[in-house]
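Student: Take a look at the following structure, please.
Please treat every number below as a calculation from the coordinates, not as lab data. What you see is a predicted model; the values in this text were computed from it and never measured.
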Amino acid sequence: MKRRMLGSHFALMEGGQMLAWPILTIDDEGRILSVDSGGTGLRERPGLEWYGGLLIPGLIDIVGVELFDYEKRNLNAHFAGGTVALGRYGADGDPSFPLSIPGIDSDLHPVITRTRDNYSVPVFSRIKDYCLSYNQADWIGLLSLSSDKAGGLAGLKELGAIREGNKCGIINISGADLIHMKATAQMTLKWLVMP
């Protein structure tokens, strides 16, 4: 079995907790085998892939709108933007997307809720834009709402959290202000492990 070790400055854990200097060991199917902390800093390990920034699980966009166009290009745009599950009202899902779920009525933050005005914008982009407009916004909290909280509401706990045994996908966010834990206009997102 082939394994990968991923390291970063921080990882977003359940409940919005931040794990400093995380080391994630992942099998060739994308399942997390272990989650460790490197302690007070980076320690070189054979085979460690280093990604500066923040590691997060794939994001879950669970509140859909009926008018969303589920063509492949729109689904691909959401997936490229870090969305691992995309909900919609009254639908069984679309096999071209990694996972589609029925829309769920929830009390998530308004920026996370897709509307007729922002349905084509991936949830990560909505969070980033909101945090850049409102400097005091808690972007880590919003990412947590779109991962473990949304996963719990949708019954997708395996997708919503970086945890041993989960197959949630791993995304690296680089360019954030990790000293003050603030979103920046320079933030970019990259899939490291597909769900």
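Student: Which lysines have a Cα less than 20 Å from the Cα of residue 157, not counting those fewer than 8 places away in the same chain?
Tutor: 149, 167
Student: To continue, here is another question. Using only the alpha-carbon atoms of region 117-195 as identical scatterers, what base-10 log of I(q)/I(0) does the Debye formula give at q = 0.15, 0.20 Å⁻¹?
Tutor: -0.58, -1.00
Student: Also, quick follow-up: Express in % the proportion of alpha carbon pairs of region 109-149 at distances exceeding 11 Å. Can you show the working numbers first?
Tutor: Details: 504 of 820 pairs.
Distances greater than 11 Å cover 61 percent of the Cα pairs.
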